[in-house]
1. Can you give me the solvent accessible area of TYR139 with a 1.4 Å probe, rounded to the nearest 10 Å²?
2. With 30 Å as the limit, write out which pairs from LYS278/LYS470; LYS417/LYS470; LYS387/LYS439; LYS234/LYS492; LYS215/LYS325; LYS175/LYS387 have Cα-Cα distances beyond it, or answer none.
3. Just to check I understand the Karplus step: with θ = phi - 60° and J = 6.51 cos²θ - 1.76 cosθ + 1.60, what whole-Hz values come out for the stretch 483-500, glycine and proline as x?
4. Please identify the trypsin sites (Lys or Arg not before Pro) of the stretch 331-422 that satisfy two criteria: DSSP loop assignment and at most 14 other Cβ atoms within 10 Å. Which are they?
5. Computing the accessible area with a 1.4 Å probe over protein heavy atoms, can you report the carbon and sulfur percentage for the stretch 490-565?
6. Can you tell me the relative contact order of the stretch 310-368? Whole percent, Cα pairs under 8 Å, sequence separation 6 or more.
7. Tell me, what ³J(HN,Hα) does each residue in the stretch 375-392 have, in order and in whole Hz, if you take phi through Karplus 6.51 cos²θ - 1.76 cosθ + 1.60 with θ = phi - 60° and put x for Gly and Pro?
8. Assigning unit charges at the beta carbon (Lys, Arg +1; Asp, Glu -1) and nothing else, what dipole magnitude in debye, to the nearest 20, does the stretch 372-515 show about its Cα centre?
Amino acid sequence: VMAASKPVEVPGGGGTAGLSRWQLALVLGTPILLGAGAVYLWGRRAARRGKGASERKTPEGRASPGPGGESSSGQPDGPGHEEMSPLGRAQAAKNKGNKYFKAGKYELAIQCYTEAISLCPPEKNLDLSTFYQNRAAAYEQLQKWTEVAQDCTKAVELNPKYVKALFRRAKAHEKLDNKKECLEDVTAVCILEAFQNQQSMLLADKVLKLLGKEKAKEKYKNREPLMPSPQFIKSYFSSFTDDIISQPLLKGEKSDEDKDKEGEASEVKENSGYLRAKQYMEEENYDKIISESTKEIEAKGRYMAEALLLRATFYLLIGNASAAKPDLDQVISMEDANVKLRANALIKRGSMYMQQQQPVLSTQDFNMAADIDPQNADVYHHRGQLKILLDQIEEAVEDFDECIRLRPNSALAQAQKCFALYRQAYTGSNALTVQAAMKGFEDVIKNFPRCAEGYALYAQALTDQQQFGKADEMYDKCIDLEPDNATTYVHKGLLQLQWKQDLDKGLELISKAIEIDNKCDFAYETMGTIEVQRGNLDKAIEMFNKAINLAKSEMEMAHLYSLCDAAYAQTEVAKKYGLKPPTL
(Lines give C-alpha, C1' and ligand atoms only; values in the text may rest on other atoms or scores of the structure.)
Protein backbone atom coordinates (compact mmCIF):
# COMPACT_ATOMS: atom_id res chain seq x y z
CA VAL A 1 0.00 0.00 0.00
CA MET A 2 2.40 2.96 -0.45
CA ALA A 3 4.19 4.58 2.46
CA ALA A 4 3.65 2.10 5.23
CA SER A 5 3.85 -0.96 3.07
CA LYS A 6 6.62 -3.23 1.94
CA PRO A 7 9.12 -2.00 -0.62
CA VAL A 8 8.45 -2.12 -4.30
CA GLU A 9 10.46 -3.95 -6.90
CA VAL A 10 12.28 -1.54 -9.16
CA PRO A 11 12.42 -2.56 -12.81
CA GLY A 12 16.01 -3.12 -13.83
CA GLY A 13 17.06 -3.47 -10.22
CA GLY A 14 17.52 -7.21 -10.46
CA GLY A 15 14.08 -7.98 -9.07
CA THR A 16 13.28 -8.48 -5.45
CA ALA A 17 16.43 -10.45 -4.81
CA GLY A 18 18.42 -7.57 -6.29
CA LEU A 19 17.00 -4.95 -3.95
CA SER A 20 19.50 -3.90 -1.35
CA ARG A 21 18.51 -3.93 2.27
CA TRP A 22 18.60 -0.15 2.02
CA GLN A 23 15.63 -0.07 -0.25
CA LEU A 24 13.97 -2.70 1.84
CA ALA A 25 14.43 -0.90 5.11
CA LEU A 26 13.08 2.38 3.82
CA VAL A 27 10.15 2.78 6.15
CA LEU A 28 9.55 1.54 9.67
CA GLY A 29 7.33 -1.43 9.24
CA THR A 30 9.20 -2.48 6.15
CA PRO A 31 10.81 -5.88 6.42
CA ILE A 32 14.32 -6.77 5.41
CA LEU A 33 13.18 -9.04 2.60
CA LEU A 34 15.51 -11.85 1.77
CA GLY A 35 14.83 -12.04 -1.94
CA ALA A 36 12.65 -14.30 -4.05
CA GLY A 37 15.22 -17.05 -3.76
CA ALA A 38 15.71 -16.25 -0.11
CA VAL A 39 15.15 -19.75 0.98
CA TYR A 40 18.35 -20.55 -0.85
CA LEU A 41 20.19 -18.06 1.29
CA TRP A 42 22.28 -20.59 3.17
CA GLY A 43 24.44 -20.87 0.08
CA ARG A 44 24.57 -17.25 -0.99
CA ARG A 45 27.85 -16.42 0.71
CA ALA A 46 29.45 -19.63 -0.44
CA ALA A 47 28.26 -18.92 -3.97
CA ARG A 48 29.88 -15.51 -3.89
CA ARG A 49 33.14 -17.03 -2.76
CA GLY A 50 32.92 -19.77 -5.41
CA LYS A 51 34.04 -19.06 -8.93
CA GLY A 52 30.60 -19.85 -10.37
CA ALA A 53 31.66 -22.61 -12.74
CA SER A 54 30.71 -21.78 -16.28
CA GLU A 55 28.33 -23.97 -18.21
CA ARG A 56 29.91 -26.91 -19.91
CA LYS A 57 28.66 -27.43 -23.44
CA THR A 58 30.80 -30.44 -24.36
CA PRO A 59 29.78 -34.01 -23.64
CA GLU A 60 31.72 -36.16 -21.22
CA GLY A 61 34.95 -37.63 -22.52
CA ARG A 62 34.68 -40.62 -20.23
CA ALA A 63 32.23 -41.86 -17.67
CA SER A 64 32.90 -39.87 -14.54
CA PRO A 65 29.55 -38.94 -13.08
CA GLY A 66 29.97 -40.94 -9.89
CA PRO A 67 30.90 -39.40 -6.56
CA GLY A 68 34.48 -40.66 -6.91
CA GLY A 69 34.87 -39.21 -10.37
CA GLU A 70 35.87 -42.58 -11.83
CA SER A 71 34.17 -44.71 -14.42
CA SER A 72 32.49 -47.85 -13.23
CA SER A 73 35.57 -49.88 -14.12
CA GLY A 74 37.69 -47.63 -11.91
CA GLN A 75 40.08 -46.67 -14.70
CA PRO A 76 40.02 -45.91 -18.43
CA ASP A 77 39.79 -49.04 -20.56
CA GLY A 78 42.86 -49.88 -22.65
CA PRO A 79 42.67 -50.13 -26.47
CA GLY A 80 42.90 -53.92 -26.60
CA HIS A 81 40.13 -54.21 -24.01
CA GLU A 82 37.96 -51.78 -26.00
CA GLU A 83 37.97 -54.01 -29.08
CA MET A 84 36.86 -57.09 -27.20
CA SER A 85 34.38 -56.25 -24.47
CA PRO A 86 30.85 -54.87 -25.07
CA LEU A 87 31.68 -51.98 -22.72
CA GLY A 88 34.83 -51.27 -24.74
CA ARG A 89 32.83 -51.17 -27.99
CA ALA A 90 30.28 -48.87 -26.29
CA GLN A 91 33.08 -46.53 -25.09
CA ALA A 92 34.53 -46.43 -28.62
CA ALA A 93 31.11 -45.47 -30.05
CA LYS A 94 30.79 -42.77 -27.40
CA ASN A 95 34.30 -41.38 -28.16
CA LYS A 96 33.38 -41.23 -31.86
CA GLY A 97 30.18 -39.39 -30.86
CA ASN A 98 32.25 -36.89 -28.86
CA LYS A 99 34.34 -36.08 -31.96
CA TYR A 100 31.21 -35.46 -34.02
CA PHE A 101 29.80 -33.35 -31.19
CA LYS A 102 32.90 -31.14 -31.06
CA ALA A 103 32.72 -30.75 -34.84
CA GLY A 104 29.09 -29.57 -34.52
CA LYS A 105 27.70 -32.71 -36.28
CA TYR A 106 25.01 -33.37 -33.68
CA GLU A 107 22.83 -35.79 -35.68
CA LEU A 108 25.85 -38.07 -36.23
CA ALA A 109 26.86 -37.70 -32.57
CA ILE A 110 23.35 -38.82 -31.56
CA GLN A 111 23.68 -41.95 -33.74
CA CYS A 112 26.98 -42.82 -32.04
CA TYR A 113 25.61 -42.26 -28.51
CA THR A 114 22.53 -44.38 -29.41
CA GLU A 115 24.93 -47.15 -30.51
CA ALA A 116 26.89 -46.80 -27.25
CA ILE A 117 23.63 -47.14 -25.27
CA SER A 118 22.61 -50.31 -27.14
CA LEU A 119 26.09 -51.88 -26.76
CA CYS A 120 26.58 -51.04 -23.07
CA PRO A 121 25.95 -53.90 -20.58
CA PRO A 122 22.82 -52.92 -18.56
CA GLU A 123 24.60 -53.39 -15.20
CA LYS A 124 27.16 -50.67 -16.05
CA ASN A 125 24.96 -47.92 -14.56
CA LEU A 126 27.45 -45.07 -14.46
CA ASP A 127 28.71 -45.59 -18.01
CA LEU A 128 25.19 -45.95 -19.35
CA SER A 129 24.09 -42.79 -17.52
CA THR A 130 26.96 -40.88 -19.20
CA PHE A 131 25.90 -42.07 -22.67
CA TYR A 132 22.33 -40.88 -22.05
CA GLN A 133 23.59 -37.56 -20.70
CA ASN A 134 25.86 -37.08 -23.75
CA ARG A 135 22.98 -37.81 -26.11
CA ALA A 136 20.89 -35.27 -24.17
CA ALA A 137 23.66 -32.69 -24.71
CA ALA A 138 23.48 -33.30 -28.49
CA TYR A 139 19.65 -33.06 -28.47
CA GLU A 140 20.05 -29.78 -26.53
CA GLN A 141 22.13 -28.34 -29.37
CA LEU A 142 19.26 -29.22 -31.74
CA GLN A 143 16.76 -27.68 -29.29
CA LYS A 144 14.85 -30.96 -29.00
CA TRP A 145 13.80 -30.28 -25.42
CA THR A 146 11.47 -33.25 -24.91
CA GLU A 147 14.25 -35.67 -25.96
CA VAL A 148 16.72 -33.79 -23.71
CA ALA A 149 14.39 -34.24 -20.72
CA GLN A 150 13.77 -37.94 -21.50
CA ASP A 151 17.47 -38.80 -21.83
CA CYS A 152 18.37 -36.86 -18.68
CA THR A 153 15.63 -38.74 -16.82
CA LYS A 154 17.24 -42.04 -17.90
CA ALA A 155 20.65 -40.76 -16.79
CA VAL A 156 19.29 -39.70 -13.37
CA GLU A 157 17.46 -43.02 -12.89
CA LEU A 158 20.80 -44.78 -13.39
CA ASN A 159 22.75 -42.29 -11.26
CA PRO A 160 20.40 -40.30 -8.97
CA LYS A 161 22.89 -37.56 -7.98
CA TYR A 162 24.16 -36.86 -11.48
CA VAL A 163 24.41 -33.04 -11.30
CA LYS A 164 25.06 -32.44 -14.99
CA ALA A 165 22.01 -34.46 -16.06
CA LEU A 166 19.81 -32.82 -13.41
CA PHE A 167 20.86 -29.33 -14.50
CA ARG A 168 20.41 -30.13 -18.19
CA ARG A 169 16.94 -31.51 -17.44
CA ALA A 170 16.13 -28.37 -15.41
CA LYS A 171 17.00 -26.21 -18.44
CA ALA A 172 14.91 -28.45 -20.73
CA HIS A 173 11.96 -28.17 -18.32
CA GLU A 174 12.39 -24.39 -18.38
CA LYS A 175 12.16 -24.42 -22.20
CA LEU A 176 9.11 -26.73 -22.04
CA ASP A 177 7.52 -24.36 -19.49
CA ASN A 178 7.43 -27.09 -16.81
CA LYS A 179 8.26 -24.65 -14.02
CA LYS A 180 7.55 -26.94 -11.07
CA GLU A 181 9.76 -29.75 -12.46
CA CYS A 182 12.45 -27.22 -13.40
CA LEU A 183 12.46 -25.88 -9.85
CA GLU A 184 12.76 -29.34 -8.30
CA ASP A 185 15.74 -30.25 -10.49
CA VAL A 186 17.55 -26.96 -10.01
CA THR A 187 16.96 -27.15 -6.23
CA ALA A 188 18.60 -30.58 -6.17
CA VAL A 189 21.51 -29.19 -8.21
CA CYS A 190 21.95 -26.20 -5.85
CA ILE A 191 22.11 -28.49 -2.82
CA LEU A 192 24.41 -31.05 -4.50
CA GLU A 193 26.78 -28.28 -5.61
CA ALA A 194 26.72 -26.70 -2.14
CA PHE A 195 25.62 -23.43 -3.78
CA GLN A 196 28.95 -22.94 -5.51
CA ASN A 197 27.60 -22.52 -9.05
CA GLN A 198 26.18 -19.13 -9.92
CA GLN A 199 24.35 -20.51 -12.96
CA SER A 200 22.15 -22.93 -11.09
CA MET A 201 21.45 -20.27 -8.44
CA LEU A 202 20.34 -17.82 -11.13
CA LEU A 203 18.05 -20.37 -12.78
CA ALA A 204 16.50 -21.17 -9.37
CA ASP A 205 15.89 -17.48 -8.75
CA LYS A 206 14.44 -16.95 -12.22
CA VAL A 207 11.99 -19.84 -12.07
CA LEU A 208 10.94 -18.95 -8.52
CA LYS A 209 10.06 -15.43 -9.61
CA LEU A 210 8.10 -16.70 -12.63
CA LEU A 211 6.18 -19.20 -10.50
CA GLY A 212 5.53 -16.55 -7.85
CA LYS A 213 4.18 -14.04 -10.38
CA GLU A 214 1.97 -16.64 -12.05
CA LYS A 215 0.42 -17.86 -8.80
CA ALA A 216 0.04 -14.37 -7.33
CA LYS A 217 -1.76 -13.11 -10.43
CA GLU A 218 -4.39 -15.83 -10.07
CA LYS A 219 -4.71 -15.65 -6.28
CA TYR A 220 -4.74 -11.84 -6.07
CA LYS A 221 -7.53 -11.61 -8.64
CA ASN A 222 -9.78 -13.83 -6.52
CA ARG A 223 -8.62 -12.80 -3.05
CA GLU A 224 -10.99 -11.69 -0.33
CA PRO A 225 -10.26 -8.02 0.45
CA LEU A 226 -8.80 -7.85 3.93
CA MET A 227 -8.73 -4.83 6.22
CA PRO A 228 -5.25 -4.44 7.76
CA SER A 229 -4.84 -4.13 11.52
CA PRO A 230 -5.66 -0.78 13.22
CA GLN A 231 -1.92 -0.41 13.99
CA PHE A 232 -1.08 -0.65 10.28
CA ILE A 233 -3.82 1.82 9.29
CA LYS A 234 -2.73 4.38 11.92
CA SER A 235 0.91 3.97 10.91
CA TYR A 236 -0.07 4.53 7.28
CA PHE A 237 -2.02 7.73 7.99
CA SER A 238 0.74 9.04 10.25
CA SER A 239 2.98 9.32 7.16
CA PHE A 240 0.77 12.24 5.96
CA THR A 241 0.54 15.64 7.61
CA ASP A 242 -1.30 17.58 4.87
CA ASP A 243 -4.08 15.05 4.47
CA ILE A 244 -7.56 16.51 5.07
CA ILE A 245 -9.34 13.15 5.16
CA SER A 246 -7.25 11.73 7.99
CA GLN A 247 -7.57 14.79 10.24
CA PRO A 248 -10.10 14.66 13.10
CA LEU A 249 -13.52 16.18 12.34
CA LEU A 250 -13.10 19.91 11.88
CA LYS A 251 -15.42 22.49 13.39
CA GLY A 252 -16.54 23.40 9.88
CA GLU A 253 -17.55 19.81 9.30
CA LYS A 254 -19.42 19.58 12.58
CA SER A 255 -21.58 22.62 11.84
CA ASP A 256 -21.96 25.33 9.26
CA GLU A 257 -19.63 27.52 11.32
CA ASP A 258 -22.61 29.22 12.86
CA LYS A 259 -23.04 28.62 16.57
CA ASP A 260 -26.79 29.03 16.25
CA LYS A 261 -27.12 26.16 13.80
CA GLU A 262 -26.19 23.20 16.00
CA GLY A 263 -29.48 21.47 15.08
CA GLU A 264 -28.75 21.80 11.39
CA ALA A 265 -25.26 20.47 11.95
CA SER A 266 -26.51 17.23 13.44
CA GLU A 267 -28.90 16.94 10.51
CA VAL A 268 -26.00 17.37 8.05
CA LYS A 269 -24.15 14.65 9.92
CA GLU A 270 -27.16 12.34 9.73
CA ASN A 271 -27.36 12.85 5.97
CA SER A 272 -23.65 12.95 5.16
CA GLY A 273 -22.06 9.56 4.54
CA TYR A 274 -18.65 11.23 4.57
CA LEU A 275 -19.10 12.73 8.04
CA ARG A 276 -20.34 9.39 9.35
CA ALA A 277 -17.30 7.74 7.76
CA LYS A 278 -15.03 10.26 9.52
CA GLN A 279 -16.76 9.46 12.80
CA TYR A 280 -16.17 5.74 12.24
CA MET A 281 -12.54 6.52 11.51
CA GLU A 282 -12.13 8.24 14.87
CA GLU A 283 -13.74 5.19 16.50
CA GLU A 284 -11.40 2.85 14.54
CA ASN A 285 -14.48 1.20 13.04
CA TYR A 286 -12.74 0.93 9.69
CA ASP A 287 -14.95 -1.70 8.04
CA LYS A 288 -17.81 0.79 7.56
CA ILE A 289 -15.80 3.53 5.86
CA ILE A 290 -16.08 2.38 2.24
CA SER A 291 -19.87 1.90 2.41
CA GLU A 292 -20.47 5.28 4.12
CA SER A 293 -18.21 7.08 1.64
CA THR A 294 -20.14 5.41 -1.20
CA LYS A 295 -23.41 6.89 0.16
CA GLU A 296 -21.90 10.40 0.02
CA ILE A 297 -20.65 9.80 -3.54
CA GLU A 298 -23.97 8.43 -4.79
CA ALA A 299 -25.84 11.35 -3.24
CA LYS A 300 -23.33 13.77 -4.90
CA GLY A 301 -23.08 15.32 -1.45
CA ARG A 302 -21.18 18.37 -0.28
CA TYR A 303 -18.13 16.24 0.61
CA MET A 304 -18.03 14.21 -2.60
CA ALA A 305 -14.33 14.87 -3.35
CA GLU A 306 -13.35 14.00 0.24
CA ALA A 307 -15.50 10.85 0.14
CA LEU A 308 -13.90 9.72 -3.16
CA LEU A 309 -10.43 10.18 -1.69
CA LEU A 310 -11.32 8.45 1.56
CA ARG A 311 -12.88 5.51 -0.28
CA ALA A 312 -9.88 5.24 -2.61
CA THR A 313 -7.52 5.26 0.37
CA PHE A 314 -9.36 2.37 2.02
CA TYR A 315 -9.51 0.48 -1.28
CA LEU A 316 -5.72 0.80 -1.38
CA LEU A 317 -5.43 -0.32 2.24
CA ILE A 318 -7.44 -3.49 1.56
CA GLY A 319 -5.33 -4.13 -1.55
CA ASN A 320 -7.94 -3.29 -4.19
CA ALA A 321 -5.94 -0.93 -6.42
CA SER A 322 -8.21 -1.41 -9.45
CA ALA A 323 -11.17 -0.03 -7.44
CA ALA A 324 -9.06 2.81 -5.99
CA LYS A 325 -7.78 4.10 -9.33
CA PRO A 326 -11.05 5.52 -10.81
CA ASP A 327 -11.77 7.33 -7.51
CA LEU A 328 -8.26 8.83 -7.46
CA ASP A 329 -8.53 9.76 -11.17
CA GLN A 330 -11.80 11.56 -10.48
CA VAL A 331 -10.42 13.58 -7.52
CA ILE A 332 -7.30 14.53 -9.51
CA SER A 333 -9.43 15.80 -12.41
CA MET A 334 -11.68 17.96 -10.14
CA GLU A 335 -10.28 21.38 -10.95
CA ASP A 336 -12.49 23.10 -8.36
CA ALA A 337 -11.67 20.68 -5.49
CA ASN A 338 -9.37 21.66 -2.63
CA VAL A 339 -5.81 21.45 -3.96
CA LYS A 340 -4.73 19.51 -0.85
CA LEU A 341 -7.19 16.73 -1.78
CA ARG A 342 -5.91 16.60 -5.35
CA ALA A 343 -2.26 16.55 -4.24
CA ASN A 344 -2.98 13.79 -1.73
CA ALA A 345 -4.72 11.76 -4.45
CA LEU A 346 -1.67 12.22 -6.71
CA ILE A 347 0.69 11.03 -3.95
CA LYS A 348 -1.46 7.94 -3.42
CA ARG A 349 -1.82 7.17 -7.12
CA GLY A 350 1.93 7.72 -7.59
CA SER A 351 2.68 5.28 -4.76
CA MET A 352 0.22 2.80 -6.28
CA TYR A 353 2.00 3.02 -9.64
CA MET A 354 5.30 2.36 -7.92
CA GLN A 355 3.83 -0.78 -6.33
CA GLN A 356 2.78 -1.82 -9.82
CA GLN A 357 6.35 -1.25 -11.07
CA GLN A 358 5.47 1.74 -13.23
CA PRO A 359 8.09 4.27 -12.05
CA VAL A 360 7.57 6.67 -14.99
CA LEU A 361 3.85 7.14 -14.22
CA SER A 362 4.69 7.32 -10.53
CA THR A 363 7.25 10.09 -11.06
CA GLN A 364 4.78 12.02 -13.25
CA ASP A 365 2.15 11.98 -10.49
CA PHE A 366 4.58 13.18 -7.81
CA ASN A 367 5.85 15.96 -10.08
CA MET A 368 2.28 17.08 -10.83
CA ALA A 369 1.51 17.11 -7.09
CA ALA A 370 4.55 19.37 -6.51
CA ASP A 371 3.36 21.66 -9.35
CA ILE A 372 -0.20 22.10 -8.08
CA ASP A 373 0.64 22.29 -4.35
CA PRO A 374 4.28 23.36 -3.97
CA GLN A 375 3.88 24.07 -0.24
CA ASN A 376 2.68 20.54 0.57
CA ALA A 377 5.36 18.82 2.69
CA ASP A 378 3.84 15.36 2.11
CA VAL A 379 4.63 15.54 -1.61
CA TYR A 380 8.37 15.91 -0.96
CA HIS A 381 8.42 13.37 1.86
CA HIS A 382 6.80 10.63 -0.26
CA ARG A 383 8.66 11.60 -3.44
CA GLY A 384 11.91 11.37 -1.45
CA GLN A 385 11.06 7.76 -0.60
CA LEU A 386 10.33 7.06 -4.27
CA LYS A 387 13.73 8.54 -5.24
CA ILE A 388 15.50 6.24 -2.78
CA LEU A 389 13.76 3.26 -4.36
CA LEU A 390 14.89 4.49 -7.78
CA ASP A 391 18.44 4.87 -6.40
CA GLN A 392 18.38 8.65 -6.99
CA ILE A 393 19.86 9.54 -3.62
CA GLU A 394 20.82 13.16 -4.25
CA GLU A 395 17.32 13.98 -5.49
CA ALA A 396 15.88 12.13 -2.48
CA VAL A 397 17.94 14.28 -0.11
CA GLU A 398 16.76 17.46 -1.92
CA ASP A 399 13.14 16.37 -1.44
CA PHE A 400 13.64 15.60 2.24
CA ASP A 401 15.32 19.02 2.64
CA GLU A 402 12.31 20.72 1.04
CA CYS A 403 9.97 18.77 3.32
CA ILE A 404 12.03 19.86 6.35
CA ARG A 405 12.06 23.50 5.14
CA LEU A 406 8.25 23.47 4.92
CA ARG A 407 7.82 21.54 8.16
CA PRO A 408 10.92 21.93 10.35
CA ASN A 409 9.49 19.66 13.04
CA SER A 410 9.08 16.72 10.61
CA ALA A 411 11.07 14.09 12.49
CA LEU A 412 10.16 11.48 9.87
CA ALA A 413 11.75 13.44 7.01
CA GLN A 414 14.85 14.16 9.14
CA ALA A 415 15.27 10.46 9.90
CA GLN A 416 14.78 9.41 6.29
CA LYS A 417 17.17 12.06 5.02
CA CYS A 418 19.79 10.62 7.40
CA PHE A 419 19.09 7.17 6.11
CA ALA A 420 19.49 8.32 2.49
CA LEU A 421 22.83 10.00 3.30
CA TYR A 422 23.99 6.92 5.20
CA ARG A 423 23.05 4.70 2.30
CA GLN A 424 25.00 6.89 -0.11
CA ALA A 425 28.07 6.84 2.17
CA TYR A 426 27.85 3.09 2.77
CA THR A 427 27.55 2.14 -0.91
CA GLY A 428 30.41 4.53 -1.69
CA SER A 429 32.50 2.83 1.03
CA ASN A 430 33.52 6.22 2.39
CA ALA A 431 34.36 5.77 6.06
CA LEU A 432 34.30 9.53 6.84
CA THR A 433 30.87 10.13 5.32
CA VAL A 434 29.56 6.96 6.99
CA GLN A 435 30.73 8.44 10.31
CA ALA A 436 29.06 11.76 9.52
CA ALA A 437 25.80 9.99 8.65
CA MET A 438 25.92 8.01 11.90
CA LYS A 439 26.38 11.29 13.77
CA GLY A 440 23.35 12.60 11.85
CA PHE A 441 21.27 9.79 13.36
CA GLU A 442 22.50 10.72 16.83
CA ASP A 443 21.33 14.30 16.20
CA VAL A 444 17.91 13.11 15.00
CA ILE A 445 17.26 10.98 18.08
CA LYS A 446 18.51 13.78 20.33
CA ASN A 447 16.33 16.44 18.66
CA PHE A 448 13.31 14.15 18.18
CA PRO A 449 13.40 11.69 21.07
CA ARG A 450 9.73 10.77 20.50
CA CYS A 451 10.20 9.68 16.85
CA ALA A 452 10.27 5.88 16.71
CA GLU A 453 11.28 5.96 13.03
CA GLY A 454 14.56 7.70 13.92
CA TYR A 455 15.56 4.89 16.29
CA ALA A 456 14.43 2.20 13.84
CA LEU A 457 16.41 3.52 10.88
CA TYR A 458 19.43 4.13 13.11
CA ALA A 459 19.15 0.51 14.26
CA GLN A 460 19.27 -0.64 10.62
CA ALA A 461 22.45 1.36 10.03
CA LEU A 462 24.01 0.11 13.29
CA THR A 463 23.26 -3.47 12.28
CA ASP A 464 25.13 -2.85 9.00
CA GLN A 465 28.06 -1.54 11.00
CA GLN A 466 27.96 -4.71 13.15
CA GLN A 467 27.15 -2.57 16.22
CA PHE A 468 24.57 -5.09 17.34
CA GLY A 469 24.34 -4.15 21.01
CA LYS A 470 23.58 -0.53 20.24
CA ALA A 471 21.11 -1.54 17.48
CA ASP A 472 19.29 -3.67 20.05
CA GLU A 473 19.04 -0.65 22.38
CA MET A 474 17.53 1.41 19.54
CA TYR A 475 14.85 -1.23 18.92
CA ASP A 476 14.06 -1.18 22.66
CA LYS A 477 13.53 2.60 22.42
CA CYS A 478 11.16 2.01 19.47
CA ILE A 479 9.21 -0.53 21.53
CA ASP A 480 8.97 1.92 24.47
CA LEU A 481 7.52 4.58 22.14
CA GLU A 482 5.28 2.27 20.09
CA PRO A 483 4.62 -0.90 22.09
CA ASP A 484 1.98 -2.02 19.59
CA ASN A 485 4.21 -1.83 16.49
CA ALA A 486 4.63 -5.50 15.61
CA THR A 487 7.29 -4.98 12.95
CA THR A 488 9.78 -3.62 15.49
CA TYR A 489 9.61 -6.93 17.35
CA VAL A 490 10.32 -8.76 14.09
CA HIS A 491 13.35 -6.56 13.37
CA LYS A 492 14.60 -7.10 16.92
CA GLY A 493 14.06 -10.85 16.45
CA LEU A 494 16.08 -10.85 13.22
CA LEU A 495 18.83 -8.96 15.03
CA GLN A 496 19.09 -11.75 17.65
CA LEU A 497 19.73 -14.23 14.84
CA GLN A 498 22.39 -12.10 13.18
CA TRP A 499 24.05 -11.05 16.44
CA LYS A 500 23.91 -14.11 18.68
CA GLN A 501 22.50 -16.82 16.36
CA ASP A 502 19.85 -17.09 19.08
CA LEU A 503 16.98 -18.81 17.27
CA ASP A 504 14.83 -19.24 20.37
CA LYS A 505 15.00 -15.57 21.31
CA GLY A 506 14.40 -14.56 17.70
CA LEU A 507 11.31 -16.75 17.41
CA GLU A 508 10.03 -15.58 20.79
CA LEU A 509 10.14 -11.95 19.63
CA ILE A 510 8.48 -12.76 16.31
CA SER A 511 5.75 -14.72 18.14
CA LYS A 512 5.23 -11.61 20.28
CA ALA A 513 4.77 -9.59 17.06
CA ILE A 514 2.01 -11.99 15.94
CA GLU A 515 0.39 -11.75 19.37
CA ILE A 516 0.28 -7.93 18.99
CA ASP A 517 -0.90 -8.02 15.37
CA ASN A 518 -2.10 -11.33 13.96
CA LYS A 519 -2.29 -9.69 10.51
CA CYS A 520 1.44 -8.90 10.42
CA ASP A 521 2.48 -10.69 7.21
CA PHE A 522 6.12 -9.69 7.77
CA ALA A 523 6.15 -11.72 11.02
CA TYR A 524 4.81 -14.86 9.32
CA GLU A 525 7.22 -14.43 6.40
CA THR A 526 10.21 -14.06 8.73
CA MET A 527 9.13 -17.03 10.81
CA GLY A 528 8.84 -19.09 7.63
CA THR A 529 12.35 -18.12 6.56
CA ILE A 530 13.74 -19.10 9.98
CA GLU A 531 11.91 -22.44 9.89
CA VAL A 532 13.50 -23.15 6.48
CA GLN A 533 16.91 -22.53 7.97
CA ARG A 534 16.07 -24.88 10.84
CA GLY A 535 15.02 -27.55 8.35
CA ASN A 536 11.32 -27.44 9.40
CA LEU A 537 10.03 -27.13 5.84
CA ASP A 538 6.39 -28.07 6.49
CA LYS A 539 6.16 -25.45 9.24
CA ALA A 540 7.83 -22.92 6.92
CA ILE A 541 5.27 -23.56 4.17
CA GLU A 542 2.45 -23.08 6.69
CA MET A 543 3.92 -19.69 7.72
CA PHE A 544 4.42 -18.53 4.13
CA ASN A 545 0.81 -19.45 3.31
CA LYS A 546 -0.41 -17.35 6.24
CA ALA A 547 1.64 -14.41 4.94
CA ILE A 548 0.28 -14.94 1.39
CA ASN A 549 -3.30 -14.60 2.65
CA LEU A 550 -2.36 -11.27 4.30
CA ALA A 551 -0.29 -9.82 1.43
CA LYS A 552 -1.25 -6.24 0.58
CA SER A 553 -0.19 -6.24 -3.07
CA GLU A 554 0.22 -8.69 -5.93
CA MET A 555 3.96 -8.09 -5.93
CA GLU A 556 4.28 -8.96 -2.23
CA MET A 557 2.20 -12.05 -2.83
CA ALA A 558 4.48 -13.11 -5.72
CA HIS A 559 7.53 -12.75 -3.45
CA LEU A 560 5.87 -14.90 -0.77
CA TYR A 561 4.84 -17.57 -3.26
CA SER A 562 8.48 -17.71 -4.38
CA LEU A 563 9.57 -18.41 -0.80
CA CYS A 564 6.84 -21.00 -0.38
CA ASP A 565 7.68 -22.75 -3.66
CA ALA A 566 11.37 -22.86 -2.76
CA ALA A 567 10.55 -24.53 0.57
CA TYR A 568 8.15 -26.96 -1.13
CA ALA A 569 10.77 -27.86 -3.77
CA GLN A 570 13.20 -28.69 -0.97
CA THR A 571 10.71 -31.04 0.70
CA GLU A 572 10.25 -32.82 -2.65
CA VAL A 573 14.02 -33.04 -3.21
CA ALA A 574 14.51 -34.34 0.34
CA LYS A 575 11.96 -37.11 -0.28
CA LYS A 576 13.24 -38.00 -3.72
CA TYR A 577 17.00 -37.88 -3.26
CA GLY A 578 17.47 -37.89 0.50
CA LEU A 579 19.11 -34.46 0.24
CA LYS A 580 18.73 -31.73 2.80
CA PRO A 581 20.31 -28.28 2.82
CA PRO A 582 22.48 -27.35 5.80
CA THR A 583 20.44 -26.01 8.72
CA LEU A 584 21.19 -23.47 11.41
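1. 40
2. Among LYS278/LYS470; LYS417/LYS470; LYS387/LYS439; LYS234/LYS492; LYS215/LYS325; LYS175/LYS387, the Cα-Cα distance tops 30 Å for LYS278/LYS470; LYS175/LYS387.
3. Once rounded to whole Hz, the list reads x, 9, 8, 4, 5, 4, 5, 5, 4, 5, x, 4, 4, 4, 5, 5, 7, 10.
4. Nothing satisfies the criteria.
5. On the stretch 490-565, the fraction of accessible area on carbon and sulfur atoms equals 43 percent.
6. 24
7. 9, 8, 4, 4, 4, 6, 4, 6, 5, x, 5, 4, 5, 5, 4, 8, 6, 9
8. The dipole of the stretch 372-515 has a size of about 260 debye.
The values are calculated or read from the model by the stated rules, or taken from the named source; none is laboratory data. All values reported here derive from a predicted model rather than from experimental measurement. Reconstructed Cβ throughout: ideal geometry from the backbone, glycine too, with neighbour counts over all protein chains shown. These accessible areas exclude ligands, DNA and RNA; they are computed on the full protein's heavy atoms, side chains included. Shrake-Rupley method; radii C 1.70, N 1.55, O 1.52, S 1.80 Å.
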